[in-house]
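Notes follow once the structure below has been shown.
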Amino acid sequence: MKKKLIIGPRIKRIRTQLTLTQAEFARRLDVSATYINLIERNQRPVSAALLLKLAEEFDINVADLAQDMDAGLVNELVNALRDPVFGGAQISKTELEDLVGVSPETIKAFLRLHERYRELALRAYSDANPLADREKVELLEESARPVEQVRQFLHDRSNYFANLDETASKFYDKLTVSGKPIEVAIRERLEEKHKLRIRVFPSSAMPSSFTYFDRHRSGIDISELLHPTGRQFQLAFQLGLLEHRELIEEIVLGSGLTEESAVGLVRVSLANYFAAALLMPYNAFLKACESTRYDVDLLSHRFGTSFEQTAHRLTTLQKPDAKGIPFFFLRIDAAGNVSKRFSAGRFHFSKFGGACPRWNIHRTFEQPGETLTQLIQMPDETTYVSISKALNRSRGHHGRPPARVAIGLGCDKAYAENLVYFDRLNMTDNKPTPIGVNCYLCDRQNCASRAHAPLNRKLKFDAHARGISLYEFEPVQKK
C-alpha cells in the first residue's frame with residue numbers, strides 16, 4: 001500500500017512564505033479553501049495532482065516535498081527530549097513532526113541551546129566531582145567542537161556543493177580532452193603547469209605522514225604505504241587547492257565558521273569534496289551508479305577510486321534535478337569509535353557513543369574484504385538496508401600494521417530494489433534486526449548486546465532473576 005503524504009506544516013510554510021491567504025492559495029491551485037485548511041491541519045493527504053500543480057504554479061521541487069526531508073531533525077529533537085532535564089516529557093512523534101514542519105529553524109535554535117546546556121552541565125559536573133579531571137573534560141570539549149561544527153555545516157547543505165561539482169566536472173573535461181586518463185592528466189598538470197615533482201618515498205623517510213606538499217623544494221612527497229587510489233586522490237586534492245583555491249575559500253567564508261580549527265577542517269573537507277568530484281564527475285558517476293545498481297566495488301574499479309572514497313561520494317549525489325539514492329555513511333574502527341558519519345537521508349547518528357553492537361558493521365572485522373548486508377530497524381520502526389565492509393586504509397609492514405576500518409553504507413528500505421546487493425533478499429519475509437542509535441539512547445528492553453543503561457530510565461533490579469540484559473528499567477509510558 002502506498003504511504004499517504006501527510007505534510008500539512010510544510011504546505012502551510014510554503015503558503016506563508018508566499019504571503020498568501022488560504023483562499024488565495026487555494027484559488028491559485030484550483031481547489032477549495034476548505035481542502036487547503038484540512039491539508040494544513042494534517043487531516044487530508046496531499047494528492048499527486050496537487051503536488052504537480054504546486055510545482056507548476058510556484059516552481060517548487062516536488063521531490064523535496066515528497067521526501068521526509070526533516071526526519072533527521074525530528075530524530076535529533078526526539079533524542080534531545082530524552083534528556084532527564086525535561087522530566088521524561090512524553091510528546092508524540094506526530095506532534096514533533098508538526099513542530100519541525102512549522103518552524104525548522106526554531107527547532108534548530110532549540111537544539112543548539114540544548115547542546116550548550118549539555119556543555120555547561122558537563123563543566124559543572126567536572127567542578128563538583130573530585131574524581132573528574134577538569135582539564136581533560138575541557139580539552140575534550142575543545143577538540144570536539146570544531147568537528148561537530150563542520151559536520152553540522154555539511155549536514156545543513158545536504159553535503160552537496162553545486163559550484164564545486166560543476167567546476168570539477170568542467171575541469172575534468174578540460175584535463176581529459178586529449179583522451180588521457182584522469183590520473184595521468186592530473187599528474188602531468190601538476191608537473192608541467194605547477195612545476196611540481198611527485199616523489200614516492202620509503203616509509204622510513206616519512207614515518208608520521210602519507211603525503212607532504214613541500215613548497216620549498218616544489219614537490220609532493222608520497223609514502224610508499226599509501227594505496228595507488230590514495231595517491232591519486234591526494235594529487236587531485238592538491239591540484240584542487242592550487243587551481244580552485246578562491247572557490248573553496250569563498251565557500252569557507254560563507255560557512256559562518258570563525259574558530260581557526262573549524263575553518264581549517266572545513267577547508268580540507270571542501271578540498272576533499274573537490275578531489276572526489278574531479279575523479280568521479282557528477283553526471284558520469286550518477287549514470288554509472290544507476291547502470292551498475294550502486295555496486296560500490298564495480299564503481300571503484302571503473303573510476304579508479306577506493307571503496308571508501310566511492311561510498312562517501314554516494315552521499316553527495318544531492319543535485320536537486322538529478323539526485324541519487326539518499327545514503328547514510330559511517331566509518332568506525334575495531335573499538336567501535338566513529339571517525340566519519342553522514343546521512344543524506346533520514347538515518348540518525350548520535351554525537352556521543354559508537355554504533356549499535358547489533359549492527360553487523362562490527363562483524364566485518366572478522367571477515368575483512370567481504371561485503372555484509374543487513375536489514376535493520378530503528379526504535380521508531382523506520383527500516384533500512386545496509387552494506388558493510390572492513391578494509392585497510394593504507395599498506396603496512398612488520399611493526400606497523402595497517403589501520404583497519406569498517407565502512408557502513410545504507411538507505412531506506414524503499415530503495416532496496418535499486419541496489420544489486422539485495423536481489424536475493426526477500427524484503428517481505430525477511431525480518432529486520434532491531435538496532436538503536438546507541439545504548440544510552442535506546443529504550444529496547446531485554447537486549448543481550450546492551451552495554452549501558454538508557455540515560456533517562458529508572459533502573460530496577462531483581463535479586464531472584466537474571467535477565468538477558470544486566471540493565472532492566474521501567475518501560476516508556478505511552479499515551
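No lab work stands behind these numbers, since they all come straight from the coordinates. All figures in this text were calculated on a predicted structure; none of them were measured in a lab. Every residue, glycine as well, gets a Cβ built from its backbone with ideal geometry; the counts of neighbours run over all protein chains shown.
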So what's the projected area for segment 162-279, the Cα convex hull averaged over all directions, in nm²? 7.8 nm²
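Taking 60 Å as R0, compute the FRET efficiency from the Cβ-Cβ separation of Thr34 and Val184 and round it to 0.05. Intermediate values should be presented prior to the final figure.
On the way: r = 65 Å, r/R0 = 1.09.
Using R0 = 60 Å, I get an efficiency of 0.35.
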14 Å reach of a label modelled at Gln377, 7 Å along Cα-to-Cβ, counting backbone N of segment 432-474: 432-436, 444-445
Full extension from Lys319 to Ser92: what is 0.36 nm times the residue separation minus their Cα-Cα distance, to one decimal in nm? 78.4 nm
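Would you please classify the overall shape of segment 8-66 from the alpha carbon gyration tensor, given that a ≥ b ≥ c denote the square roots of the eigenvalues, rounded means a/c under 1.5, and beyond that prolate means a/b larger than b/c while oblate covers the rest? Please report the intermediate quantities before stating the final value.
Working: a/c = 1.31, a/b = 1.15, b/c = 1.14.
Rounded shape, in that the Cα axes give a/c under 1.5.
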Using 1/(1 + (r/R0)^6) with R0 = 45 angstrom and r between the beta carbons of Thr21 and Ser291, what's the FRET efficiency to the nearest 0.05? 0.40
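At 0.36 nm per residue, and after removing the present C-alpha to C-alpha distance, how many nm does the segment from Asp173 to Arg116 gain when stretched out fully? Present the calculation step by step, with values, prior to reporting the outcome.
Values: separation 57, 0.36 × 57 = 20.52 nm, distance 4.63 nm.
Computed gain between Asp173 and Arg116 is 15.9 nm.
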For Ile325, Ile7, order by how many other beta-carbon atoms lie within 10 Å, fewest first: Ile325, Ile7
With the crude spin-label approximation of a point 7 Å out along Cα→Cβ, what separation in nm comes out for Phe365 versus Ile468? 2.4 nm
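For the peptides 206-219, 10-23, 311-324, 265-278, what is the packing order when you average, over each peptide's residues, the other Cβ atoms within 10 Å and list the highest mean first? Don't skip to the end; give the middle numbers.
Working: 206-219: 12.4, 10-23: 15.4, 311-324: 18.9, 265-278: 21.6.
The peptides rank, most packed first, as 265-278, 311-324, 10-23, 206-219.
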Overall form of segment 150-229 per C-alpha gyration tensor (a/c, 1.5; a/b vs b/c): oblate
What is the distance in Å between the Cα centres of segment 373-425 and segment 182-261? 29 Å
So for the pair Val200, Ala284, with labels modelled 7 Å out along Cα→Cβ, what separation do we get in nm? 2.3 nm
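Assuming 0.890 mPa s and 25 °C, estimate D for segment 322-436 with Stokes-Einstein, Rh taken as the Kirkwood radius over Cα pairs, in µm²/s.
Details: Rh = 14.9 Å.
Once the numbers are plugged in, D ends up at 165 µm²/s.
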Based on alpha-carbon centroids, what's the gap between segment 294-336 and segment 23-64 in Å, whole number please? 35 Å
